[in-house]
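Input: a single structure, listed below in structure tokens.
Read-outs throughout are calculated quantities, based only on the coordinates presented, and are distinct from any laboratory measurement. Bear in mind that the values here come from a model prediction, so they are computed numbers and not experimental data. Glycine also receives a Cβ, built like all others from the backbone with ideal geometry; neighbour counts cover every protein chain displayed.
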Amino acid sequence: MNEIKRLVYDYIEPKDTEIVVNLSKVDFLDSAGLGLLISFLKLMKKRGGKVVLEHPKLGVQKLLEMTRMDELFDVKKRPEPTTGSWNEFM
């Protein structure tokens, strides 16, 4: 995890106030992963910014809700699939 943290911190510019983390390929998130996200959040809060967590899978989304982390982060869930428009049936 420290290597990932270092790589992300090296990528962040001093003027950046938002980090977007795409969680669509993350199947499991443990305490180390949550700690990493919190460290990003602390950095962005110091800058007056935020961390956006995009498209968490259902298990990760439930973990974020159970730990109330969804209240700390801006979580963008996957859009619900649509089946079509009403015009198809008229």
Could you work out [θ]222 nm for the chain from helices alone, using -39500 (n - 2.57) per DSSP H run of at least four and dividing by all its residues? Round to the nearest 500 deg cm²/dmol. -12000 deg cm²/dmol
Placing each pseudo-label 7 Å from Cα in the direction of the beta carbon, residue 9 and residue 58 end up separated by a distance in nanometres of 3.7 nm
The rounded separation in angstrom of the Cα centers of segment 1-19 and segment 46-65 is 16 Å
Label point distance in nm, residue 65-residue 77, each placed 7 Å from Cα along Cα→Cβ: 0.6 nm
